[in-house]
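S.K.: Structure incoming, see below.
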Amino acid sequence: MSKEKLTDKELNALVSLLDDTDQEVKNHVWEKLTSFGHEVIPFLEKKWEESFNPDIQKEIEELVHNLQFSQLKERLKEWKKSEDQDLLSGLWILNTYQYPDLDFEKLSADMHQIYFDVWTAFKNDLMPYEQVRIINSVLFNQLRFSANTKNFHSPANSMLSSVLETKKGNPISLCSIYLLVAQKLGLPIYGVNLPNLFVLTYKSKDASFYINAFNKGLIFSKQDINNYLEHLKIESRETFFQPCTHKDILIRSMRNLIVAFEKLGELQKVDEIHQLLDILESD
């Protein structure tokens, strides 16, 4: 739908009709305001602040959410089409579901500070195990990132900005922070999709082992994964040992969010995250 320009007077007139008792009128107003896209959001937010009518405020809230969600879906489609599917960009897009005003540059700067803290303690000529121990020391001892076992299913665990703020996360968000730092250091570290757990692998021609960021960067072997799968009575598959893609990481994060919102009984959010999942999983 082509976007048209309206004066503030015309926009004000439309907003004043949001609580109209005639559903047909209200539908027309929604359609008209939605046609302007996310550019109309600042105007709507201003009208929400100025309004003393709770019905109009509620309509504006829903309208703004729909516009923001539509923008998120467009960003996600663009991310999916991008060549490198940058992990930080993908996590930021998902983050804007809960925090639509989150600035990518702010998130990037926060991650760069963590990278800088690791880099200052890092030495490239160390053996792989030693390199990982330095990352572990900075992330889990110095910066005090840890597993959020108390509120494991909280949606905040899947929001990178919240994890950076509270220093607590779930397996995939802690692994994502670890992975973003490791990639910037040029290390061959990748995500690995295990049943009920997300881990990392250090995979080069000289070394191959696994890292559990949910357990302070514990280093373990392929045999440990076999033992884990046997304990769960799950048949071993090659994908349980191999690096996964950034898209896989985003899909896993979305699945965690679906479980989180299901447990909270927030069914509209469950439906919306399913819509995001469909974008990534569709051919």
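S.K.: Would you check which residues across region 223-262 are assigned to a helix (DSSP H, G or I) and loosely packed, with under 13 Cβ neighbours inside 10 Å and list them?
M.R.: Gln223, Asn227, Glu230, His231, Glu238, Thr239
S.K.: For region 56-88, give me each residue that is in contact with a Ser or Thr (Cβ under 9 Å, 6 or more places away or on another chain) and outside any helix (DSSP H, G or I).
M.R.: Passing the criteria: Ser82, Gln85.
S.K.: Being surrounded by fewer than 21 Cβ atoms within 10 Å (Cβ to Cβ) and touching a strand residue (DSSP E or B) at 6+ places or on another chain (Cβ under 9 Å) is the filter here; which residues of region 202-211 pass it?
M.R.: Answer for region 202-211, where residues must be surrounded by fewer than 21 Cβ atoms within 10 Å (Cβ to Cβ) and touching a strand residue (DSSP E or B) at 6+ places or on another chain (Cβ under 9 Å): Tyr202, Lys203, Ser208, Phe209, Tyr210.
S.K.: Within region 137-192, track down each residue that is touching a residue at least 60 places away in the same chain (Cβ under 8 Å), within 21 Å of Ile273 (Cα to Cα) and of a type in the set (A, V, I, L, M).
M.R.: Result: Met159, Leu160, Ile172.
One line per residue, one yes/no per condition, for (1) in contact (Cβ under 8 Å) with a residue 24 or more places away in the chain; (2) β-branched (Val, Ile, Thr); (3) under 22 Å from Ser137 (Cα atoms):
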position: Pro195; (1), (2), (3): yes, no, no
position: Ala213; (1), (2), (3): yes, no, yes
position: Leu218; (1), (2), (3): no, no, yes
position: Leu229; (1), (2), (3): yes, no, no
position: Thr239; (1), (2), (3): yes, yes, no
position: Ile251; (1), (2), (3): yes, yes, no
position: Ala260; (1), (2), (3): yes, no, no
position: Glu266; (1), (2), (3): no, no, no
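S.K.: Counting just the residues of region 50-88 that are acidic (Asp, Glu) and closer than 18 Å to Ile273 by Cα, which one comes out farthest from the chain's Cα centre (by Cα)? I'd like the intermediate steps shown before the answer.
M.R.: Initial filter on region 50-88 (acidic (Asp, Glu)): 50, 55, 59, 61-62, 74, 78, 83-84, 86.
Checking the rest, the ones that are also closer than 18 Å to Ile273 by Cα come to 62, 74, 78.
On the way: Glu62: 22, Glu74: 15, Glu78: 15 Å.
Restricting to residues being acidic (Asp, Glu) and closer than 18 Å to Ile273 by Cα, the top hit is Glu62.
S.K.: Still on this structure: With respect to Ser253, is the statement that it is of a type in the set (Gly, Ala, Ser) and more than 16 Å from the chain's Cα centre (by Cα) true? Explain how you work it out, then say what you get.
M.R.: On the way: of a type in the set (Gly, Ala, Ser): yes; more than 16 Å from the chain's Cα centre (by Cα): no.
No, not satisfied.
S.K.: Return the residues of region 21-52 that are surrounded by fewer than 14 Cβ atoms within 10 Å (Cβ to Cβ) and in a loop (DSSP other than H, G, I, E, B); say none if nothing qualifies.
M.R.: Across region 21-52, the qualifying residues are Thr21, Asp22, Ser35, Phe52.
S.K.: Moving on. Restricting to region 146-187, count the residues that are crowded, with 23+ Cβ neighbours inside 10 Å and either at pLDDT below 95 or not assigned by TED's automatic domain parsing to the domain that holds Val199 (or both).
M.R.: 0
S.K.: Part of a loop (DSSP other than H, G, I, E, B), in the same structural domain as Val270 (by TED's automatic domain parsing) and not polar (S, T, N, Q): which single residue out of Leu126, Leu107, Leu91 fits that description?
M.R.: Within the list Leu126, Leu107, Leu91, the selection yields Leu126.
S.K.: Pairs, please: C-beta under 8 Å, at least 6 apart or cross-chain, first residue closer than 17 Å to Thr96 by Cβ and of a type in the set (Lys, Arg) and in region 32-49, second in a helix (DSSP H, G or I) and modelled with pLDDT of 75 or more?
M.R.: Close Cβ pairs (under 8 Å, with a partner that is in a helix (DSSP H, G or I) and modelled with pLDDT of 75 or more) do not exist here.
The values are calculated or read from the model by the stated rules, or taken from the named source; none is laboratory data. On a predicted model such as this, the values are computed, not experimentally measured, just so you know. Neighbour counts run over all protein chains shown; Cβ positions are idealised from the backbone, glycine included.
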